[in-house]
1. Note down all Cβ pairs under 7 Å where the first residue falls in the range 294-323 and is within 26 Å of residue 344 (Cα to Cα) and modelled with pLDDT under 95, the second is among the hydrophobic types (A, V, I, L, M, F, W, C) and open to solvent by 40 Å² or more (accessible area, probe 1.4 Å), and they're at least six residues apart or on different chains.
2. Strands (runs of 3 or more DSSP E) wholly in the range 336-398 with at least 3 residues that are open to solvent by 20 Å² or more (accessible area, probe 1.4 Å) - which ones?
3. From the set of residues in the range 12-21 that are in contact (Cβ under 8 Å) with a residue 60 or more places away in the chain and out of contact with any Leu (no Cβ under 8 Å at 6 or more places or on another chain), which is most open to solvent (accessible area, probe 1.4 Å)?
4. With the requirement that a residue be of a type in the set (S, T, N, Q) and under 14 Å from residue 351 (Cβ atoms), what does the range 238-251 give you?
5. Check whether at least one residue in the range 252-274 is in contact with an Asp or Glu (Cβ under 7 Å, 6 or more places away or on another chain) and under 27 Å from residue 344 (Cβ atoms), and report yes or no.
6. Those residues that are closer than 22 Å to residue 88 by Cα and either in contact with a Pro (Cβ under 7 Å, 6 or more places away or on another chain) or of a type in the set (A, V, I, L, M) (or both), I need them from the range 242-253; list them, please.
7. Return the residues of the range 38-65 that are open to solvent by 30 Å² or more (accessible area, probe 1.4 Å), in a loop (DSSP other than H, G, I, E, B) and at negative phi; say none if nothing qualifies.
8. Exactly one condition in (1) outside any helix (DSSP H, G or I); (2) within 18 Å of the chain's Cα centre (by Cα) is not met by residue 131; state its number.
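The values are calculated or read from the model by the stated rules, or taken from the named source; none is laboratory data. The structure displayed is predicted, hence computed values, not measured ones. Methodologically, a virtual Cβ is constructed for each residue, glycine included, from the backbone with ideal geometry; neighbour enumeration extends over all protein chains shown. Quick note on the areas: whole protein, heavy atoms, side chains included, nothing else; ligands and nucleic acids left out. Shrake-Rupley method; radii C 1.70, N 1.55, O 1.52, S 1.80 Å.
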Amino acid sequence: MDKRQPTSAQEAGLAALEARLQQDLAWLDLPAKSWVPPLVRDGQPVLEVAVIGGGQAGMAAAASLNHLGIGAVIFDQSPAGFEGPWATTARMETLRSPKKLTGPALGFAGLTFRAWHEAQFGLAAWEELDKIPRLQWMDYLRWYRRVLALDVRNEHRIEAILPRADGVVELRIAAPGGVSTVLARRVVLATGRDGLGGAYLPQLALDLPRQRWAHSADDLDYATLAGLRVGVIGAGASAMDSAATALEAGAARVDLLIRRRELPRVNKGKGAGNPGLTSGHLYLPDEWKWRIRHYINIQQTPPPSASVQRVSAFPNARFIFGAGISHVAAGEAGMQVTTARGVFDLDFLIFSTGFRVDWTARPEFAVIAPHIRNWSERYTPPPGDEDAELADSPDLGTAFEFQQKQAGALPGLERVHCFCYPAALSHGSLSGDIPAISDGAQRLAQGIAALLYRENIDAHYLNIQQYDEPELLGDEWTAAEPTPEERR
């Protein structure tokens, strides 16, 4: 966390922004008043929604739910202020998204990063800013949590998610005070890029001694790489960030071993970014959903130019193209890495090989995993368009809810909602990345609101019947009689 103390001018600017935001919310009469009937099970009150994960997606989801009058409690395993990757495992210097994107602001100008930044540093500083510094983005998210007064329970790790047939989901949660059980009507998984699994690793990595390698998403102390010969497997943004961090930490040499013959140049995902896709991807035919996501996958996303230049600035960095790895032999003095371009003597390997849906990597999903319907059960692509990532993606309903492979096999599974990266095939990129996170959070919240209303329709109908606040008291008028002529 940034230890620098803000100046009095910065504090005053931020206070003024916060007052404006609260006024905006008041003018819009937000948050809406609570309307979900209270529920008690097993002698304890049931939460309306439990959100697992307190990063930007989880906070945007909780804020959207609160604005609709639905209570949401966030559970996050990290210490307060360190939710998500930004101040822990992320190693880029700046965000990759353009600074103008509004992110989790939910349509409120006063909740944008730009408003937060300008309030403290002024318009000139905003105009001079190229991209958002990573740690400054984390500071903004800390402010976002505070200014919206979100209910976040830190250092709470989910041990089990147990849907039940009686209208609730049971969560077993480990916290500093011990293990407890929490019940919720709905559960939202806002668990990030690796939200339904973990790092993808080739078998050759798993065959190596664990002290000889790391995944780029691991919480690795890069200072331990000083003086070592490091190989980075991959060529995406995280590969560049890992390579640069190793070089900056004093690695003797860093070789980027890249399977492709050249780096991709165009980010095709940017070509997909428009309000039509944001609103319409959900309603596309299956073949078009698959076709779009598969095309973006196979084209791959190029690393940002600044990230590549950060590596290129070091004379002891090498970009080795066409270097698909066939074998790694570990010895006492290091490793011999055999590739299509030659054999490299290295001390440590960093695999920047992405993520995958892997239920076995997440013991908290053990009960629900066998029952979740994936796209492999829904759709068979044309020959040549097979895609393991897409096939493993969950087949989600309109409110991001999981669906059962076999109806009735696990009652209550549909009460768990997937608001993390693997939702992209069903809904588009609305559930993790900065560009459309607000659209996704609002769709999620509106969908949950509709489901909660429907399942409690008897209570809501009774409320309509019992509502008796008069609009008229009966003394607003004087009854008149028709004249004798009118009575004819």
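1. Close Cβ pairs (under 7 Å, with a partner that is among the hydrophobic types (A, V, I, L, M, F, W, C) and open to solvent by 40 Å² or more (accessible area, probe 1.4 Å)) amount to 302/266.
2. 342-346, 355-357
3. Step one: filter the range 12-21 for residues in contact (Cβ under 8 Å) with a residue 60 or more places away in the chain, giving 13-14, 16-18, 20-21.
If we keep only those that are out of contact with any Leu (no Cβ under 8 Å at 6 or more places or on another chain) too, we end up with 13-14, 16-18, 20.
Values: 13: 19, 14: 25, 16: 62, 17: 14, 18: 38, 20: 128 Å².
If we take residues in the range 12-21 being in contact (Cβ under 8 Å) with a residue 60 or more places away in the chain and out of contact with any Leu (no Cβ under 8 Å at 6 or more places or on another chain), then 20 is most open to solvent (accessible area, probe 1.4 Å).
4. First, pick out the residues of the range 238-251 that are of a type in the set (S, T, N, Q): 238, 242, 245.
Result: 238, 242.
5. No: zero hits.
6. 243, 244, 246, 247, 249, 251 - these are the residues of the range 242-253 that are closer than 22 Å to residue 88 by Cα and either in contact with a Pro (Cβ under 7 Å, 6 or more places away or on another chain) or of a type in the set (A, V, I, L, M) (or both).
7. Pass one, the range 38-65, residues open to solvent by 30 Å² or more (accessible area, probe 1.4 Å): 38-45, 47-48.
Those still in the list that are in a loop (DSSP other than H, G, I, E, B) too: 38-39, 42-43.
Across the range 38-65, the qualifying residues are 38, 39.
8. Exception for residue 131: condition (2).
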